[in-house]
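All remarks here apply to the structure that follows.
Quick note: the coordinates plus some simple rules give every number you see, no bench work behind them. These numbers were taken from a predicted model, which means no experiment stands behind them. Note: ideal-geometry Cβ built from the backbone for every residue, glycine included; neighbour counts use all protein chains shown.
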Amino acid sequence: MAENSLRIFVEKNPSDSKLSELNIKCWPKWGCSPGKYQLKFDAEETCYLLKGKVRVYPKVSLSTSTAEMVEFGAGDLVIIPKGLSCIWDVSIAVDKHYQFQSSSSSSCDH
């Protein structure tokens, strides 16, 4: 996989119908306090931030020129590609729902 295809996709304020269609309320939750975290994504992750603010700095190899910092926060739907290594700089504590691509569709009682 080419390094430049490891881009983070951010959808600002997705519609309620899209969130319902994805069944986000049934996804597991994860949170962290402010700080810097080195992360590697071994599977594609889709997440919806309930709270927080994050700046993500993708790590680049010597063969790529630069990587763009990506910022997202509460109310954003984010897709993080498989294989991405990055630093999360969390300025406001994060609370999010998440699902990995390899996960089966979640179902829960409403």
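Tabulated data
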item	result
Cβ-based net charge around Ser33, under 15 Å, with every Lys or Arg adding one and every Asp or Glu removing one	+3
Local electrostatic count, Val90, Cβ distance below 10 Å [Lys/Arg +1, Asp/Glu -1]	+2
Within straight-line cross-link reach of Lys59, lysines at Cα separation under 16 Å, skipping those fewer than 8 residues along the same chain	Lys36, Lys40, Lys82
Table column - 3J(HN,Hα) (Hz), the stretch 8-13, Karplus curve with 6.51, -1.76, 1.60, x for Gly and Pro	8, 9, 10, 10, 6, 6
Set of aspartates and glutamates with alpha-carbon distance to Lys29 below 13 Å, sequence-local pairs under 8 removed	Glu45, Asp95
Nitroxide proxy distance, nm - points 7 Å out along Cα→Cβ at Leu19 and Lys82	2.8 nm
Global size of the stretch 9-100 as Cα Rg and Dmax, reported in angstrom	13.2, 42
